[in-house]
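Report on the structure given below.
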Amino acid sequence: MADMNTSIGNTERKPIRCKARKAGQPLVIEEVIVAPPKAYEVRIKILCTSLCYSDITFWKLKDPPGCFPRIMGHEAVGIVESVGEGVDEIMKGDYVVPVFIADCGECKDCKSSKSNLCSKLPFKVSPWMPREETSRFTDLKGETLFHFLFVSSFCEYTVVDIAHLTKLHPQIPPNRACLLSCGVSTGIGAAWKTANVEPGSSVAIFGMGAIGLAVYYDFYWTSKVAEGARLCGATKIIAVDVNPDKFEIGKKFGVTDFINPKSCEDKSVSQIICEMTDGGADYCFECVGMSTLVEEAYASCRKGWGKTVVLGVDKPGSQLSLTSANVLCSGKTLTGALFGGLKAKSDIPILVKRYLDKEVRLDDFVSHEMKFDEINKAFNLLIEGKCLRCVLWMD
């Protein structure tokens with residue numbers, strides 16, 4: 001359970017001086033100034049933040065949308081320290097999770113059940129706050145520090161637009177709630193909302209990080225076969241990953257088969273999957289962020305009704321190579337799913353309830369917990385493939 005009595009002091013309407021991890025080689029700790037929130041903004045005290053591979057992708061970028069100095073991090077949970085003018089849905093002391101994708105509740109897209117892509121505050125990899133191109137971070141010399149994905153959680157305090165915040169039930173602990181800020185929600189949402197995986201379907205997932213494992217896990221719960229799902233012999237849940245050690249981890253989430261691309265000899269991964277599933281998987285999920293894997297996933301799904309969902313974040317400018325004839329004649333669907341297609345303000349509370357009801361086992365996704373000071377060690381574990389999700393505690 002979250003501690004709602006966490007001290008946040010009497011700092012409203014005042015700049016806060018605190019510690020942050022500034023992107024560099026490696027990430028460095030220094031004191032920064034976090035300005036008070038402006039209209040429709042909220043300043044929160046971060047309790048926990050977790051590492052996502054997207055942090056590494058953008059940390060390594062030397063060209064736009066990469067930019068420095070920047071405060072990275074986008075999976076987190078915190079307590080509201082103060083609110084700006086026009087904020088009425090949450091108040092000081094509330095327990096909240098920030099999300100990189102907006103849910104304004106006012107635009108045509110946010111009001112529709114067909115989309116989670118806000119048109120009022122569209123997603124982009126911006127170094128600024130979403131409503132105006134300014135930053136709330138400066139260093140002690142007064143120089144501007146850039147934001148990351150409208151969250152910047154590698155800091156003791158951060159400022160987030162109200163459209164990017166969701167209030168949480170206080171019973172979910174911070175070191176589990178932060179997982180719902182990006183990766184796990186994305187994987188669960190992809191199977192639940194975007195693909196709408198059906199009972200008895202075959203699934204192939206490329207990449208067994210937290211997103212990929214969340215796809216596996218939610219396949220079983222959304223198919224409504226619950227405890228008997230793992231014994232369903234007619235269903236294939238295929239993991240594709242170059243790290244064979246992840247197969248044992250995947251078994252806990254329902255993985256039935258494992259393919260290591262390095263061991264395929266003279267066959268492609270798509271050929272093997274098509275043979276295993278008698279024509280191709282019903283649903284394929286690309287969870288790494290690599291255009292060649294998207295193409296392989298698309299080739300692995302069944303003609304006529306196969307659906308490939310792209311979840312991984314690739315490098316800017318990466319392009320797909322699909323022939324027009326293939327798209328026309330195969331009858332397959334290829335779609336992206338930012339945040340798994342979830343609407344944060346309505347769907348995250350559902351996931352929280354499922355966790356509290358012991359349906360979604362967030363505990364199984366956390367492989368490491370460390371102090372925030374150990375962030376470089378955590379990054380190395382993630383880069384080396386030795387970490388599923390590492391939660392960093394601020395205190």
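Only the coordinates and a few stated rules stand behind these numbers; no lab work does. The model shown is predicted, which means the values in this text are computed figures rather than measured ones. All Cβ positions, even for glycine, are placed from backbone atoms using ideal geometry, and neighbour counts span all protein chains on display.
How large is ³J(HN,Hα) for each residue in the range 73-80, as worked out from phi by the Karplus curve 6.51 cos²θ - 1.76 cosθ + 1.60 (θ = phi - 60°), to whole Hz, x for Gly and Pro?
For the range 73-80, the Karplus-derived couplings read x, 8, 10, 6, 8, x, 10, 5 Hz, x marking Gly and Pro.
Note down the magnitude of the dipole of the range 248-349 about its Cα centre, charges +1 on Lys and Arg C-beta and -1 on Asp and Glu C-beta and zero elsewhere, to the nearest 20 debye.
Its charge dipole is roughly 400 debye.
Using the Cα centre of the range 266-309 as the reference point, and only Cβ charges (+1 on K/R, -1 on D/E), how large is the resulting charge dipole? Debye, rounded to the nearest 20.
Magnitude of the dipole: close to 140 debye.
For Gly336, list long-range residues whose amide hydrogen, built 1.01 Å from N in the peptide plane, is under 5 Å from its own amide hydrogen.
Residues meeting the amide H criterion: Val310.
In what sequence, highest mean first, do 235-247, 313-325, 108-120 appear when ranked by Cβ atoms within 10 angstrom?
Ranked from most to least packed, the peptides come out as 235-247, 108-120, 313-325.
What is the set of long-range amide H partners of Val77 at a cut-off below 5 Å, with H atoms built 1.01 Å from backbone N?
Leu47, Cys48
Can you give the longest stretch of the chain with no exposed loop site, where a site means GluC sites (Glu not before Pro) in a DSSP loop (not H, G, I, E or B) with at most 16 other C-beta atoms within 10 Å?
Segment 144-264 is the longest.
How much mean residue ellipticity at 222 nm does the chain get from its helices, if each DSSP H run of length 4 or more adds -39500 (n - 2.57) and you divide by all residues, to the nearest 500 deg cm²/dmol?
So the helix-based figure for the chain works out to -6000 deg cm²/dmol.
In whole percent, what relative contact order does the chain give with Cα contacts below 8 Å and a gap of six or more residues?
17 percent
Considering amide H positions built from the backbone, and no H for Pro or chain starts, which residues 5 or more places from Phe285, or on another chain, come under 5 Å of its amide H?
The answer is Ala204, Ile205, Phe206, Val309.
Jot down the radius of gyration and Dmax of the range 49-117, Cα atoms only, both in angstrom.
15.6, 39
Pick the calculated volume of the Cα convex hull per residue in Å³ for this structure from [x] 203; [y] 402; [z] 135?
Computed from these coordinates, volume of the Cα convex hull per residue in Å³ corresponds to label [z].
What does the extension gain come out to for Glu31 and Ser113, with contour length at 0.36 nm per residue minus their alpha carbon separation?
The span from Glu31 to Ser113 would gain 25.2 nm if fully extended.
Could you point to the residue in Pro244, Thr11, Tyr157 farthest towards the positive end of the chain's charge dipole, with +1 and -1 charges on the Cβ of Lys/Arg and Asp/Glu respectively?
Working it through, the farthest residue towards the positive pole turns out to be Thr11.
Ordered by residue, what ³J(HN,Hα) values in Hz, to whole numbers, does the range 355-367 give under the Karplus form 6.51 cos²θ - 1.76 cosθ + 1.60, where θ = phi - 60° and Gly and Pro are x?
Residue by residue, the range 355-367 yields 5, 5, 8, 6, 8, 8, 8, 4, 4, 6, 7, 8, 9 Hz.
How many percent of DSSP beta bridges within the chain run antiparallel, rounded to 5?
Approximately 60 percent, going by the DSSP bridge assignments.
If one computes the Cα centroid of the range 165-189 and of the range 341-367, what distance in Å separates the two points?
6 Å
Any of Lys246/Lys315; Lys60/Lys358; Lys111/Lys371; Lys19/Lys167; Lys22/Lys114 with alpha carbons more than 29 Å apart? Name them for me.
In this structure, Lys60/Lys358; Lys111/Lys371; Lys22/Lys114 exceed 29 Å between Cα atoms.
Looking only at Gly280, Gly142, Gly189, which one moves most when the chain is put into a Gaussian network model with springs between Cα atoms under 10 Å?
Checking each option, the largest mean-square fluctuation is seen for Gly142.
Kindly write out, for the range 130-146 in residue order, the coupling ³J(HN,Hα) from the Karplus curve 6.51 cos²θ - 1.76 cosθ + 1.60 (θ = phi - 60°), rounded to whole Hz, with x marking Gly and Pro.
x, 8, 8, 7, 9, 10, 9, 10, 9, 8, 5, 8, x, 7, 5, 10, 8
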